[in-house]
Amino acid sequence: MNDLGIYRWLVVCRELDRALCVENPRWFPIEGEEATVLGSFVDLRPDDAVAPHYRDPFVVYLLRGAEMWRLAAQVLGKAAGYNKGRSVPFNGPVELGVVPWVAGDLGTTIGTATGAALAFQHAGTDQVCVCTFGDGTANRGDVHEALNLAACWQLPIVYVCQNNGWAISQPESTYLRGPVAARAAGYGIPGECVDGNDVDAVRASVGKAVARARAGQGPTLIEARTWRWRGHWAGDKQSYRLGSAPEWVDDPLDLYGYRLLERGSATGSDLQCIHLEVADEVRAAIAQAHSVRDAGAEELGLDEVYAIRPGFGEEPSRAKGVTAGEKRMTQTEAVLDALASEMRADPRVFYIGQDVGRISESAMVGAAIGAALFGARPVVEISFGEFLPAAMSQLVNQAPNLHYMTGGVARVPVVVRTRVGDGPYGGHPHDYSAWFGHLPGLKVVMPGSPSDARGLMLSAIRDDNPVLFIEPMALAHGPRATVPDSLCEVPIGVARIARAGRDVTLVAIGSMVNAGLRAADDLASEGIEVEVVDLRSIQPLDTFTVIESVRRTGRLVTVHEAWVTGGVGAEIVAAVAEASSGLLRAPVIRVGTAPVPTPSGKVRPHALPNVERIVAAIRQVME
Ligand SMILES: Cc1ncc(C[n+]2csc(CCOP(=O)(O)OP(=O)(O)O)c2C)c(N)n1
């Protein structure tokens with residue numbers, strides 16, 4: 001791009017930002033930081049990925065071809081925004097290769113951006129990702145994890161810390177004891193500090209780093225020193241600020257404008273013309289944004305929470321077919337069979353995780369989500385459910401939100417595989433599965449048999465939504481059971497009647513399906529016929545099958561390894577109660593782990609549900 005072109009973009013950045021500050025006092029102004037944001041992204045190729053910091057990143061989206069009026073519409077809460085009015089207004093259009101902002105948690109998108117680079121590396125292209133973040137954000141653990149992962153895997157990504165000297169009301173001296181760029185040495189990657197007010201300096205530094213990344217030489221960490229001229233948000237009174245900007249701070253537009261005059265590549269009137277033209281362009285964009293309707297009920301988008309696989313239900317499934325025979329597998333063997341077959345069949349599928357990677361749950365889940373956004377279909381393993389909280393921002397703020405918050409555009413075909421509950425690994429007993437049923441946009445699967453585990457894993461990998469695949473530890477290395485010879489999908493969200501019975505409905509999930517079947521065997525000898533419903537998934541929850549069963553039996557017991565309060569059983573009971581007041585002939589009983597942090601060792605069996613407790617509960621509802 002020529003000098004005047006660069007100057008024009010700097011002016012666009014400033015003028016649009018000033019106008020948006022007038023429109024919305026909650027807008028986060030970029031004034032003073034234009035050279036850093038422009039210099040980091042302006043030289044990228046259209047097929048590269050961009051993950052800009054949240055502070056007015058619109059110039060980056062405009063560089064990619066976004067329409068100014070639609071971006072302005074986002075700030076005004078209009079339906080025409082790329083986000084359909086659903087997300088934070090600084091969100092960017094994912095269809096233009098932008099890592100979107102679907103929640104406000106800073107640092108999390110750095111993991112996702114790292115995933116874009118992982119997708120490029122996996123596909124063997126020379127695309128790169130550039131990611132900018134603030135100096136306050138630099139202190140999130142997620143940033144450290146992402147940088148370390150990118151360094152170890154030599155991912156094609158450039159991290160630029162946009163150091164504006166502030167994090168809300170805090171000056172940098174209160175949260176940084178040294179340059180952010182110096183951290184690069186600890187990751188074994190190049191690090192560099194540049195004048196973030198000088199667009200040429202930023203372009204040169206980022207350009208060098210991008211060339212390294214394209215050549216397969218891995219990531220770079222750059223710190224661009226700049227200054228936040230205005231408040232944290234447009235309406236910020238800044239009572240915390242003392243004194244003026246430090247000596248070294250230049251106005252990026254003045255600096256560059258004078259340079260162009262010196263170089264003779266522009267005259268004063270050229271620059272003035274650009275200001276006038278851009279001011280007109282911004283005015284028109286804001287006026288157009290004002291002229292369209294506000295986002296409202298029509299944008300609620302109940303049908304855009306989950307992505308529908310193109311052609312789903314029409315084409316015969318790749319591996320569907322009549323099963324010729326049967327074989328026997330443990331649950332783990334069954335899951336790995338599905339995974340291996342999908343990896344062989346589809347080059348976009350790959351597997352990362354603790355046993356095949358490192359202890360960086362947030363970075364790995366974030367990278368898998370980002371890779372999924374950019375065309376891969378990753379499966380990531382978190383070995384035990386107890387470690388899911390370490391990746392919580394990714395699992396809660398990113399994965400479930402991306403499709404919906406991008407107006408139904410983003411697709412996130414990622415599977416997070418983990419194991420929970422009682423089993424051979426005494427130290428990892430907690431079952432947090434119910435937490436994740438609380439998140440529209442995430443699918444949560446928990447198989448109760450090797451055969452289902454294999455079929456559900458196939459469905460999970462082929463799903464265009466994020467799927468949390470929770471394997472009950474008790475079954476993971478449990479006895480082998482029969483699975484069909486040929487691979488076939490088990491649809492997610494359809495419960496299974498594991499045993500028919502007319503007296504009582506027992507709704508079970510995971511390891512409790514086998515326990516429930518044993519309880520049903522025991523009770524059959526007493527003449528009690530138990531219908532065992534294996535839920536198979538927590539989200540979507542097949543309440544239809546449960547309600548129909550309770551309609552027949554009139555009695556309900558639920559059982560899962562997780563705690564009862566706020567659990568899946570509670571949701572089942574609520575669904576039955578909502579269906580009709582007349583379905584039940586007896587009070588329901590919910591069986592689960594005792595309300596204590598699940599203990600280890602010899603105390604544990606006293607906390608957990610088991611066959612005897614299920615039998616006792618069923619006898620009670622039969623009285
Ligand atoms: C994980 C998280 N914690 C806290 C916040 C609240 N917050 C919003 S902006 C901000 C300051 C961020 O500072 P910095 O990263 O330096 O970016 P700047 O605002 O200076 O551009 C904070 C703490 C947040 N959005 N996300």
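Quick notes
- For the chain, share of DSSP beta bridges that run antiparallel, in % to the nearest 5: 20
- Crossing angle, helix 331-345 versus the chain [Cα axis fit, 0-90 degrees, rounded to tens]: 40
- Gyration tensor (Cα) of the chain, equivalent ellipsoid semi-axes in angstrom: 52, 25, 22
- A345-V494 FRET efficiency (beta carbon distance; Förster radius 25 Å; 0.05 resolution): 0.60
- Using 0.36 nm per residue and subtracting the Cα-Cα separation, the extra length available between A284 and N2 on full extension is 99.0 nm.
- Legend: calculated FRET efficiency, R585 to A524, from the Cβ-Cβ distance at R0 = 22 Å, rounded to 0.05, equals 0.65.
- Angstrom value of the Kirkwood radius, inverse mean 1/r, which spans all Cα pairs in region 496-622: 14.3
- Positive end of the dipole of the chain (Cβ unit charges, origin at the Cα centre): among Q74, P597, M457, the Cα lying farthest that way belongs to P597.
- FRET efficiency for the pair E277 and D200, taken as 1/(1 + (r/R0)^6) with r the Cβ-Cβ distance and R0 = 25 Å, rounds to 0.65.
- Shown here: region 1-126, whose C-alpha atoms stretch 45, 37, 24 Å along the first, second and third principal axes, sorted largest to smallest.
- Bridges between two residues of region 317-484, per DSSP, are antiparallel at a rate of about 20%.
- Per principal axis, descending, Cα span of region 3-293 in whole Å: 48, 43, 42
- As a length-normalised measure over Cα pairs under 8 Å and 6 or more apart, the relative contact order of the chain settles at 13 percent.
- Cα principal axis extents for region 375-477, largest first, Å: 43, 27, 21
- Tilt relative to the chain, helix 361-373 - C-alpha long axis, 0 to 90 degrees, to 10: 80
- Considering only region 496-622, percent of DSSP beta bridges that pair antiparallel, nearest 5: 20
- Extension gain (nm, one decimal) between S265 and R293, 0.36 nm per residue minus Cα-Cα: 5.8 nm
- Ellipsoid semi-axes for region 100-228, based on the Cα gyration tensor and the rule √(5λ), read 23, 16, 13 Å when sorted largest first.
- Paramagnetic reach from R241 (point 7 Å along Cα→Cβ, amide N under 13 Å) across region 165-195: 165-171
- Loop-located GluC sites (Glu not before Pro) across region 443-536 with a Cβ neighbour count of 11 or fewer within 10 Å are E526, with loop assigned by DSSP.
- Per residue, the convex hull spanned by the Cα atoms of region 319-450 amounts to 134 cubic angstrom.
Throughout, read-outs are computed from the coordinates displayed, never taken from laboratory work. What you see is a predicted model, and the numbers here were worked out from it, not measured in a lab. With ideal geometry, Cβ positions are generated from the backbone for all residues, glycine too; neighbour counts draw on all protein chains shown.
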